[in-house]
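To start, the structure itself, in structure tokens.
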């Protein structure tokens, strides 16, 4: 799991590309990236599945903010990004949420 940040020079936006390998996704058929940036909406578009079996998604985020997020594997198993900028306790569960700081 990892993400790559690309700051735009002309706008206060950071393009963040999230990636999971097939193994990190636990061979899931679908993965959704849910977080503050999409209202944790489980009906959000799934991440793009790669030929390798991994997944990727790019999100434009406003600079100067922290965003909590998690991955939802096959609509039933939550997974953190273990290379996140930090972790914070979830308000809804006894687990942490991943955080990306832009």
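Descriptive notes on the structure:
- Set 88, 99: member being in a strand (DSSP E or B), more than 14 Å from the chain's Cα centre (by Cα) and in contact (Cβ under 8 Å) with a residue 12 or more places away in the chain: 88
- Applying the condition of being free of Cβ contacts under 8 Å to residues at least 60 places away in the same chain and surrounded by 13 or more Cβ atoms within 10 Å (Cβ to Cβ) to the stretch 1-19 and asking which residue is nearest to residue 82 (Cα to Cα) yields 19.
- Residue 28 vs. criteria in a loop (DSSP other than H, G, I, E, B) and without any contact (Cβ under 8 Å) to a residue 60 or more places away in the chain: yes
- Unmet requirement for residue 37, which otherwise passes all of (1) part of a strand (DSSP E or B); (2) out of contact with any helix residue (DSSP H, G or I) (no Cβ under 8 Å at 6 or more places or on another chain): (1)
- The listed residues are 76, 65, and the only one of them that is free of Cβ contacts under 8 Å to residues at least 40 places away in the same chain and over 22 Å from residue 23 (Cα atoms) turns out to be 65.
- Residue 68 being out of contact with any helix residue (DSSP H, G or I) (no Cβ under 7 Å at 6 or more places or on another chain) and surrounded by 12 or more Cβ atoms within 10 Å (Cβ to Cβ): no
- Among the residues of the stretch 71-84, those that are closer than 20 Å to residue 15 by Cα and surrounded by fewer than 18 Cβ atoms within 10 Å (Cβ to Cβ) comprise 80, 82, 83.
Every read-out reported here was derived from the displayed coordinates using simple, explicitly stated rules and does not represent laboratory data. Just so it is clear, the structure is predicted and the values come from calculations on it, not from any experiment. Reconstructed Cβ throughout: ideal geometry from the backbone, glycine too, with neighbour counts over all protein chains shown.
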